[in-house]
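Below: the structure, in structure tokens.
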Amino acid sequence: PTNFSSAPLVEYMRDLGNSLAGAYVPSDSKLTPRTTLTAGVRLDYFDHIGQTTVTPRAQLTHEVSKQLTVRAAAGQYSRNFEFAESVPTDVLPELANQYVVGAEVRLNDVLTASGSAFYTSRSQLLVRDPFLTETDPLAAYVNRGTGRSYGAEYLLKARADRFFGWLSYSFSRSDRVDGPMLSRRLFDFDQTHNLIAVASWRLGKWEL
């Protein structure tokens, strides 16, 4: 067996391209005086694998009253490759289908509250194949994974003459299955709880 402590150092250098060209075209349609449909389509071309994705999106917004607005959206998204994922040329871009419903309420002249719930299904997720990792580690990625994300977000905004700020909280879970017969696990960067508070005051020429 090879003794890696005494084996000669091998340097491997290779130039890789990871060019992405994208275009997005949206369109707003006023279905009724209070209802707006925003539809669009995005086209992405992944140069180093010669693949193109066409991903449509749409959002429907309805103003129930001056105080209440409701929204529903659905769309498909693709993700570009990162770092070692850019080496193999026989893979496909990861895809995600996202669905969102939400509402915004104007409580008074200062406060606005909103909330939304979302679900995302993911396919063609890149995972490292154990056999290829041993035999061809630079091209070990395969589109074998699936995943999902779901949760809800709440936002309270305040805007006055000299004050602006918001308080938001989100709950979300993102998990995945890396291949047949494998257990579902959390994404490496899953963040279940997220709380953000922002506030700013204008004091003459200063803003704190």
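The values are calculated or read from the model by the stated rules, or taken from the named source; none is laboratory data. None of these values were measured; they are calculated from a predicted model. Cβ: placed from backbone, ideal geometry, glycine included. Neighbour counts: every protein chain shown. With ligands, DNA and RNA removed, areas are computed over all heavy atoms of the protein, side chains included. Shrake-Rupley method; radii C 1.70, N 1.55, O 1.52, S 1.80 Å.
Evaluate the range 63-70: report whether one residue or more is of a type outside the set (Gly, Ala, Ser), touching a residue at least 40 places away in the same chain (Cβ under 8 Å) and farther than 24 Å from LEU156 by Cβ. Scanning the range 63-70 turns up no residue that is of a type outside the set (Gly, Ala, Ser), touching a residue at least 40 places away in the same chain (Cβ under 8 Å) and farther than 24 Å from LEU156 by Cβ. In the range 30-48, the residues that are within 23 Å of SER19 (Cβ to Cβ) and of a type in the set (Asp, Glu) form Cβ pairs under 6 Å with partners that are surrounded by fewer than 12 Cβ atoms within 10 Å (Cβ to Cβ) and at pLDDT below 95, at six or more places apart or across chains, as follows: ASP47/SER19.
Contact map, the range 175-201: first residue among the hydrophobic types (A, V, I, L, M, F, W, C), second residue not in a strand (DSSP E or B), Cβ cut-off under 8 Å, separation 6 or more or different chains; pairs are VAL177/SER183; VAL177/ARG184; TRP201/ARG162; TRP201/LEU208. Taking the range 129-151 as the range and being outside any helix (DSSP H, G or I), at pLDDT below 90 and either open to solvent by 50 Å² or more (accessible area, probe 1.4 Å) or on the phi > 0 side of the Ramachandran plot (or both) as the test, only ASP136 passes. Would you confirm whether or not the range 172-180 contains a residue that is open to solvent by 80 Å² or more (accessible area, probe 1.4 Å) and more than 22 Å from the chain's Cα centre (by Cα)? Yes, the range 172-180 has at least one match.
The residues in the range 82-114 that are modelled with pLDDT of 95 or more, among the aliphatic types (A, V, I, L, M) and within 20 Å of the chain's Cα centre (by Cα) can be counted, and the count is 4.
Look at GLU85 and say whether it is of a type in the set (Asp, Glu) and in a helix (DSSP H, G or I). Answer is yes for this residue.
Can you find, within the range 9-18, the residue that is farthest from VAL54 (Cα to Cα) among those that are exposed (fewer than 10 other Cβ atoms within 10 Å of the Cβ) and not basic (Lys, Arg)? Per the criteria, the residue is LEU9. Among the candidates SER183, SER172, the residue that is closer than 21 Å to VAL101 by Cα and either among the hydroxyl-bearing types (Ser, Thr, Tyr) or part of a strand (DSSP E or B) (or both) is uniquely SER172. The single condition among (1) within 20 Å of TYR119 (Cα to Cα); (2) open to solvent by 70 Å² or more (accessible area, probe 1.4 Å); (3) of a type in the set (A, V, I, L, M) that LEU155 does not meet is (2). Would you say VAL105 is touching a Lys or Arg at 6+ places or on another chain (Cβ under 9 Å) and either surrounded by 15 or more Cβ atoms within 10 Å (Cβ to Cβ) or free of Cβ contacts under 8 Å to residues at least 40 places away in the same chain (or both)? So VAL105 fails the test.
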